[in-house]
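One structure is given below, encoded as structure tokens.
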Amino acid sequence: MTATTTDRTPTPPPPPLAADAGATVEFRGLHRRFGATVALEGLDLAARPGELLALLGPSGCGKTTALRMLAGFEHPDAGEVLVDGADITKVPAHRRGTGMVFQSYSLFPHLTAAENVAFGLRMRGTGRGERQRRAAELLELVGLGQLAGRFPHEMSGGQQQRVALARALALQPRVLLLDEPLSALDAKVRLTLREEIRRLQQDLGITTLFVTHDQEEALSMADRVAVLRAGRLEQVAEPAELYARPATAFVAEFVGTMSRIPAVRAADGLVEVLGRRLPAAGEVPAQGELDALVRPEAVQVAADPQGAATVVAASFLGAITRLTVRLPDGAEAKADLPTEAAAALPVGSPATLTLPDRPVLLDHRRPS
Amino acid sequence: MAALTPPATGPSTPTPSPTAAPVRRRGRPRLWRGLVGLVAVVYFLGPMAASVLFTVDVPNEGFTLSSYSGIFGAEGFWSSLRLTLELAAATIAATMLLLVPALIAVRLTAPRLRVLVEVLCSLPLVVPAVALTAGISSVLRWGPDDFAGTPLFQTFNAIQNPGFPVVLLLAYVLMALPLAYRTLDAGLRALDLETLVEASRNCGAGWPRTVVHVVLPNLRGALLNTAFLTLALVLGEYTVASILGYQPFAVWIVSLGGSNAQVSVSVSVLSLVLTWVLLLLLAAAGRGRSQRTARPNRRAAAAPTDAALEKP
């Protein structure tokens, strides 16, 4: 059995490590206030069995509070938390059956890696032999079988977080909670660990909630991403849909890069952007001036001596180069070009911007 | 070219001095260190050596250990020593039972109360031992009269039992509070207590088990230091015990020493040695346990990256 978990073949490892594969999690109307600050203001959200749901949002949007409520470290002022349909709002933290990986290194400093992983089993009264066997198995699973005897201060940050992940999985939790587990790590380790967490999660089929403020992390790992803002859910959708069809301007600008280009109302519910009449995606704000929100890859730039726009900056991103182009009215738009094509558009050169013939997302113009 | 030369030679001229200076500097601290060390040794060990010499080299008799053997036979030696050790153990236990849960609770649930606790624990520092004793003894004097008819009368008697004077224990706990608070607070500060407690509870441990299995083991250094300081305090405490009329070791030493100069000095030497031995035992007890758990594991893990192990 351990043999199948050590070699990383695509065949899923045996079930004993996973709980009864995937619970549903549901937040219903969660409210929480800390003094004057509102952390959650009626959060409604559900995670499907076995999915990795990322909670994404700026700091202070309540994502961590929601996760801590599921773990039992915070209590809602109103609302309830359900796991598999059962209300666990009143269940104390140590009986919740959730496994959590924390943002800060949370291994017990006085215990070795193996003892850390076995801690939960020890609290549960599992025998020593069984404990050691399971700890070794789990450490093997996170690729640290050879470090079983190390103390936390003898391990790197990435190794510590792996051990923390093994510890969280040791009790076969119904739900795995990841509270920005990668934010303390350096970029390279973050990438590999990200993939590894995803692989493990899929192998075990465990429902996982992943809190992050890094949209790239959320989009690349999650089955679905829930974007939170000021204690409320803005949108929950699969990464591709979230990116392509953001429900609100906030989501649009928080996920990926968006440029604001002034738009003018035209007849038949159309808007005029960059000299072109386009339909609106979603709702059109009732009054006031409008901006169209466009992704850099949707904006086409062409060198044009008569063009009214000017390239003001270029940043090289490898295969593509992202140009910042200033429009005649002062607005700036970002546009991605293949790096070779960008060579024809040095900073300071005139250019023309065009948009594809697709519906555009609209928002109130912001006072600049 | 001409413009380049001056800046090029500029930095080259001062280079000899930085290299020359460290040589001179390196020589001096060594000398100073040696000198300071020598002064310290003479200051601390000189009197002790002289004391020991004085006690074992009796005029007309030559080398003899009679003054030491006399102490062990002297009346009250064992009883006063036992009383002191009992008081020390009880004080350590009471201080920790009082402070550890309080500090953990304050840190986790009401961080704002920390200042209050700190002030409370530091108060004994501003009350001199003599004033404290004066207060205690006047309470002990009035108490029995005022509470004559009530069960408290018996309490007043019980806490003054010369076999184990609880009143001394109370006074010592008060006096140990500032020291114990400082060391325990420093120990707690070094931990990310909140995360550790949450991690432990997430692993299915309730509050009591979290404290026993996670918090206390990580506070071991601080607990040990607290025990250390409290022990030293109780061993050396004279004022309160003497004024209240009890005879722990320190008081007994003074009462014995008055009659015979040699015995007096040998008793001081002995108490010094005793204090050292006890503190060393305490330190060894603490350190021994950590090595026992750490050693076998380290050996097992040593294989791939030994360099990482050498860091701590």
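Just so you know, all these numbers are worked out from the coordinates, no wet-lab data involved. Predicted, not measured: the structure shown is a model, and the values here were computed from it. Because the Cβ atoms are built from the backbone with ideal geometry, glycine has one as well, and the counts that use them run over all protein chains shown.
Tabulated results
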quantity: HN-Hα J in Hz across the stretch A:111-121 - Karplus 6.51, -1.76, 1.60, θ = phi - 60°, x for Gly and Pro; calculated: 10, 6, 3, 5, 5, 4, 5, 7, 4, x, 5
quantity: For chain A: rounded, prolate or oblate by the Cα gyration tensor [a/c cutoff 1.5]; calculated: prolate
quantity: Distance between modelled label sites at B:A94 and A:R276, nm, 7 Å Cα→Cβ extension; calculated: 8.5
quantity: Average beta carbon contacts from partner chains per residue of A:62-72, 10 Å cutoff; calculated: 1
quantity: Square roots of 5 times each gyration tensor eigenvalue, C-alpha, the stretch A:140-288, largest first, Å; calculated: 43, 15, 12
quantity: Computed lengthening from A:F34 to A:A341, 0.36 nm per intervening residue step minus Cα-Cα distance; calculated: 105.3 nm
quantity: Phi to ³J(HN,Hα) by Karplus 6.51 cos²θ - 1.76 cosθ + 1.60 over the stretch B:194-204, Hz, x for Gly, Pro; calculated: 4, 5, 4, 5, 5, 4, 5, 5, 5, 7, x
quantity: Cβ-Cβ FRET estimate between B:L170 and B:S69, R0 fixed at 41 Å, reported to 0.05; calculated: 0.65
quantity: The stretch A:257-364 shape via C-alpha gyration tensor axes, a/c threshold 1.5; calculated: prolate
quantity: Under 5 Å, built H, 5+ apart or other chain: amide partners of A:E234; calculated: A:V227, A:L228, A:R229
quantity: Label-point separation, A:E216 to B:S79 (7 Å along Cα→Cβ), nm; calculated: 8.0
quantity: Least to most buried among B:F147, A:F210, A:F73 (fewest other Cβ within 10 Å first); calculated: B:F147, A:F73, A:F210
quantity: Chain A: angle of helix A:157-169 to the longest principal axis, Cα-based, in degrees nearest 10; calculated: 60
quantity: Shielding by partners - mean other protein chain Cβ count within 10 Å, residues of A:94-104; calculated: 4
quantity: Spin-label pair B:V52/B:A134, simplified geometry with 7 Å Cα→Cβ offset, distance in nm; calculated: 4.2
quantity: For residues of B:189-197, the mean tally of beta carbons on other chains within 10 Å; calculated: 3
quantity: Given charges at beta-carbon only (K, R positive; D, E negative), |dipole| of the stretch A:257-364 in Debye; calculated: 120
quantity: Peptides B:39-51, B:124-136, A:231-243 ordered by average Cβ neighbours within 10 Å, highest first; calculated: A:231-243, B:124-136, B:39-51
quantity: Taking A:K334, A:K188, A:K63 and counting other C-beta atoms within 10 Å, the order from fewest to most; calculated: A:K188, A:K334, A:K63
quantity: Antiparallel content of DSSP bridges confined to chain A, in %, to 5; calculated: 75
quantity: Which of B:F164, B:F77, B:F249 has the fewest Cβ neighbours within 10 Å, and the rest in rising order; calculated: B:F164, B:F77, B:F249
quantity: Antiparallel bridges, percent of DSSP beta bridges restricted to the protein assembly as shown (to nearest 5); calculated: 75
